[in-house]
Amino acid sequence: TARYLHDRSSLTPDFFNNGTSLPGFDSMQGGPSELGQGAWTHIFSQNLLNEFRVAETRISFLFAPTASALANPLYTAPQISTTFITELGFNQSFPQGRSQDMYQFQDTISMTHGRHTVRAGADIGRRLESDLNSLNLHGVLAFTTGGTGVSPIGNFLLNQLGPSGTATRSFGSSRVDPHSWRSGIFAQDDVKLSPEFTANLGIRWDFFTNPDNSLPYPAIDPSSPTTLYGPINTVFKIPDNKHSFAPRVGFAYAPHNGTWFGDGKSVIRAGFGIFFDSEFTNITVNNAGSAPNIAAGTLTASKTTAPNGLPNATGLIPQISPNVNPLSSVTSVVNNMSNPYTPEWNLTIERELPGQIGLSVTYAGARGLRSEERR
């Protein structure tokens, strides 16, 4: 079997997220998405079956400048932030977005022998992802009220920021590529212990690489004095978790002992399993936009030495230092984090009622455990 799906969306200009932009500074949103999948099922014998699947999923959704905005000579100029105009210059919140290609190969072999029905296989997944983080790369000049200009527009015309005005800029890469592996192997045996009772026993091992290791500074070590009292630009990698073993156990019981409940019209099923997952890459994107992965600077004026705010406002952006401030706040993860997992369990009772009516009652439970709870 094979199938292919394709879709494409586009909104130009983007009036929802960048509706206050002036002509020449418009943005757009959208991108393609597609799914391709193929499967091959082969019967070797009445007791042996093989299923092979291959799939490719591609999604891309960006908030980005339009072609006319990119061609605007003022595209790379600092953004002017005041209260007298909606927005002058290109919005520094863009571009941002995510593109992801997922390639997956799965193979499962099923074999029956006596009382046993065994299924075993592998799931190999490779995720190629590129994310654009919104960074203030061209700078923002914020003109405020006060000083000789009195109003924000007055200070703008005098090229002074006003007493509380600021000049800000970020330095670093707005792109991060958190490529990762999402793979696993499994085996399960359904054992028919009696005509009435079947037991299910299985095990799965998952392997996920951590996307934070794609960053120049992936993590912090909460137990290291270097992190707490020394340079914040110390590199700590996150070891890949190789101990994600997930058991599965369950049963199905259909009594036939002649009583009302054992008349062959009832069945009881129950199961328990542990399920692992990989880290959400939005965490990586947040870390990529924080120190020490980027540097950010702000220029402000002292009201005593510069009561009108910083002068020569349009020349301030190049004066901001591109170096990481050792006192900056840090958004990061701990270097001993592990993959989140969820124990799940269920119990189902089914009964055939008169009139060919079926009744099913199920209880299902789960408890999501974060990586911090496993440290």
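The values are calculated or read from the model by the stated rules, or taken from the named source; none is laboratory data. Fair warning: this is a prediction, and the values are worked out from it, not measured in the lab. Backbone-built Cβ (ideal geometry, glycine too); neighbour counts: all protein chains shown. The protein model used for the area step is the full one, side chains on, heavy atoms only, and it has no ligands, DNA or RNA in it. Shrake-Rupley method; radii C 1.70, N 1.55, O 1.52, S 1.80 Å.
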- Message: Can you say whether residue 328 is modelled with pLDDT of 90 or more, in a loop (DSSP other than H, G, I, E, B) and under 30 Å from residue 89 (Cα atoms), as far as the supplied structure shows?
- Response: no
- So how many residues does the range 252-270 have that are basic (Lys, Arg) and outside any strand (DSSP E or B)? 1
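Looking for whichever is more than 30 Å from residue 242 (Cβ to Cβ) and acidic (Asp, Glu) here; the options are 352, 344. Which one fits?
Numbers: 344 fails: more than 30 Å from residue 242 (Cβ to Cβ).
On inspection, the qualifying residue turns out to be 352.
Quick one: which residue in 152, 195, 178 is surrounded by 20 or more Cβ atoms within 10 Å (Cβ to Cβ) and farther than 29 Å from residue 291 by Cβ?
On the way: 195 fails: surrounded by 20 or more Cβ atoms within 10 Å (Cβ to Cβ); 178 fails: farther than 29 Å from residue 291 by Cβ.
When all the criteria are applied, what remains is 152.
So, in the range 207-234, of the ones that are modelled with pLDDT of 90 or more and assigned to a loop (DSSP other than H, G, I, E, B), which residue ends up surrounded by the fewest Cβ atoms within 10 Å (Cβ to Cβ)? Spell out the reasoning first.
First, the residues of the range 207-234 that are modelled with pLDDT of 90 or more: 207-219.
Checking the rest, the ones that are also assigned to a loop (DSSP other than H, G, I, E, B) come to 209-210, 215-218.
Working: 209: 20, 210: 23, 215: 22, 216: 13, 217: 22, 218: 20.
If we take residues in the range 207-234 being modelled with pLDDT of 90 or more and assigned to a loop (DSSP other than H, G, I, E, B), then 216 is surrounded by the fewest Cβ atoms within 10 Å (Cβ to Cβ).
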- Task: Name every residue in the range 288-318 that is touching a residue at least 24 places away in the same chain (Cβ under 8 Å) and open to solvent by 50 Å² or more (accessible area, probe 1.4 Å), in order of residue number.
- Result: 296, 298, 300, 303, 307, 311, 312, 314
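So, in the range 136-159, how many residues would count as being aliphatic (A, V, I, L, M), touching a residue at least 24 places away in the same chain (Cβ under 8 Å) and part of a helix (DSSP H, G or I)? Spell out how you get there, then give the answer.
Our first condition is that a residue be aliphatic (A, V, I, L, M); within the range 136-159, this holds for 137, 140-142, 150, 153, 157-158.
With touching a residue at least 24 places away in the same chain (Cβ under 8 Å) added as a condition, the list becomes 137, 140-142, 153, 158.
Next, only the ones that are part of a helix (DSSP H, G or I) stay: 153.
The number of residues fulfilling the criteria is 1.
Can you pull out the residues in the range 136-149 that are of a type in the set (Val, Ile, Thr) and either closer than 19 Å to residue 74 by Cβ or open to solvent by less than 20 Å² (accessible area, probe 1.4 Å) (or both)?
Taking the range 136-149 and keeping what is of a type in the set (Val, Ile, Thr), we get 140, 144-145, 148.
Matches in the range 136-149: 140 only.
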- How many residues of the range 277-307 are modelled with pLDDT under 90 and more than 31 Å from the chain's Cα centre (by Cα)? The answer is 7
- Residue set 60, 45; condition touching a Gly at 6+ places or on another chain (Cβ under 7 Å), on the phi < 0 side of the Ramachandran plot and not charged (D, E, K, R); output residue 60
- Query: Can you list the strands (runs of 3 or more DSSP E) found entirely within the range 47-135 that contain at least 2 residues being modelled with pLDDT of 95 or more and open to solvent by 30 Å² or more (accessible area, probe 1.4 Å)?
  - Reply: 48-65, 96-113, 116-132
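Would you be able to say whether some residue in the range 15-29 is outside any loop (DSSP other than H, G, I, E, B), out of contact with any Phe, Trp or Tyr (no Cβ under 9 Å at 6 or more places or on another chain) and surrounded by fewer than 15 Cβ atoms within 10 Å (Cβ to Cβ)? Walk me through how you get there before you give the answer.
Of the range 15-29, the ones outside any loop (DSSP other than H, G, I, E, B) are 27-29.
With out of contact with any Phe, Trp or Tyr (no Cβ under 9 Å at 6 or more places or on another chain) added as a condition, the list becomes none.
Scanning the range 15-29 turns up no residue that is outside any loop (DSSP other than H, G, I, E, B), out of contact with any Phe, Trp or Tyr (no Cβ under 9 Å at 6 or more places or on another chain) and surrounded by fewer than 15 Cβ atoms within 10 Å (Cβ to Cβ).
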- Among the residues of the range 322-338, which ones are in contact with a helix residue (DSSP H, G or I) (Cβ under 6 Å, 6 or more places away or on another chain) and open to solvent by less than 60 Å² (accessible area, probe 1.4 Å)? 332, 333, 337, 338
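Okay, residues lined up against (1) under 18 Å from the mean Cα position of the chain (by Cα); (2) among the charged types (D, E, K, R):
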{"residue": "174", "(1), (2)": "yes, no"}
{"residue": "179", "(1), (2)": "yes, no"}
{"residue": "182", "(1), (2)": "yes, yes"}
{"residue": "186", "(1), (2)": "no, no"}
{"residue": "196", "(1), (2)": "no, yes"}
{"residue": "233", "(1), (2)": "no, no"}
{"residue": "237", "(1), (2)": "no, yes"}
- Message: Being surrounded by fewer than 14 Cβ atoms within 10 Å (Cβ to Cβ) and at pLDDT 85 or above is the requirement here; does residue 341 meet it?
- Response: no
- Every residue from the range 271-287 that is over 18 Å from residue 202 (Cα atoms), outside any loop (DSSP other than H, G, I, E, B) and open to solvent by 30 Å² or more (accessible area, probe 1.4 Å): 282, 283, 286
- Do we find that residue 204 is in contact with a strand residue (DSSP E or B) (Cβ under 7 Å, 6 or more places away or on another chain) and buried (at least 18 other Cβ atoms within 10 Å of the Cβ) in this structure? yes
